[in-house]
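Colleague: Once you've had a glance at the structure underneath, I'll fire off some questions.
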Amino acid sequence: QVRLVESGGGLVQAGGSLRLSCAASERTAAMGWFRQAPGKEREFVAAISQRSITTSYADSVKDRFTISRDNAKFTVYLQMNSLKPEDTAVYYCASRVRIGVPQSSFEYDFWGQGTQVTVSS
């Protein structure tokens, strides 16, 4: 059982930046970020392969968000720039034991508890 702990959420004004971190309890394969806004389904944000060779982004965050990882620290990051009010959500970290960087939440095996990101207009 892989434990994932997110941090770095908070309140920021539109146009601002935040950096989320997710620390895993052990080595993982692909890792991803998802988000869920009130009244909406959980949606894919970004994912990264084990060796950072492959990344994938949702169209809504492309060119604004950057996913990266430090395997020595078992940690994945999400740098979020040019934040918009519609980015407000609980952000979840996820990991999977298989290769590939899918965008479906069903393809991920372990999940963190989430961290709140609120962007004010």
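Colleague: Just the residues that are over 14 Å from L20 (Cβ atoms) and either touching a helix residue (DSSP H, G or I) at 6+ places or on another chain (Cβ under 7 Å) or buried (at least 18 other Cβ atoms within 10 Å of the Cβ) (or both), please, taken from segment 63-90.
Modeller: F74
Colleague: Within segment 4-22, work out how many residues are open to solvent by 50 Å² or more (accessible area, probe 1.4 Å), among the aliphatic types (A, V, I, L, M) and closer than 15 Å to L83 by Cα.
Modeller: Of the residues in that region, 2 qualify.
Colleague: Another question, then. What are the pairs with Cβ atoms under 6 angstrom where one residue, in segment 23-48, is closer than 14 Å to S104 by Cα and open to solvent by 10 Å² or more (accessible area, probe 1.4 Å) and the other, located anywhere, is assigned to a loop (DSSP other than H, G, I, E, B) and not charged (D, E, K, R)? Sequence gap at least six, or different chains.
Modeller: That search, which allows pairs on different chains as well, returns F44/A58; F44/Q103.
Colleague: Among the residues of segment 21-44, write down those that are among the acidic types (D, E) and over 22 Å from D70 (Cβ atoms).
Modeller: E41, E43
Colleague: Residues in segment 49-61: is at least one in contact with an Asp or Glu (Cβ under 8 Å, 6 or more places away or on another chain), aliphatic (A, V, I, L, M) and farther than 16 Å from G8 by Cβ?
Modeller: yes
Colleague: Could you check, for segment 50-69, whether at least one of its residues is closer than 15 Å to R35 by Cα, touching a Ser or Thr at 6+ places or on another chain (Cβ under 7 Å) and small (G, A, S)?
Modeller: The answer is no; no qualifying residue exists.
Colleague: Right, something else. List pairs: first residue in segment 76-89 and farther than 24 Å from S52 by Cβ, second residue at pLDDT below 95 and open to solvent by 60 Å² or more (accessible area, probe 1.4 Å) anywhere in the structure, Cβ distance under 9 angstrom, at least six positions apart or on different chains.
Modeller: Within 9 Å, the pairs are K84/S121; P85/S121; T88/P38; A89/P38.
Colleague: Ok, one more. When only residues in segment 91-121 that are part of a helix (DSSP H, G or I) and surrounded by 14 or more Cβ atoms within 10 Å (Cβ to Cβ) count, which is farthest from the chain's Cα centre (by Cα)?
Modeller: Top of the filtered list is E107.
Colleague: If we scan segment 22-31, do we find a residue that is modelled with pLDDT of 95 or more and of a type in the set (K, R)?
Modeller: no
Colleague: Further, regarding this structure: Scan segment 36-50 residue by residue and report those that are part of a strand (DSSP E or B) and of a type in the set (S, T, N, Q).
Modeller: Q36
The values are calculated or read from the model by the stated rules, or taken from the named source; none is laboratory data. Please read all numbers here as calculations on a predicted model, not as lab measurements. Cβ coordinates were reconstructed from backbone atoms using ideal geometry, including for glycine residues, and neighbour counts include every protein chain displayed. For accessibility, only protein heavy atoms count, side chains too; no ligands or nucleic acids. Shrake-Rupley method; radii C 1.70, N 1.55, O 1.52, S 1.80 Å.
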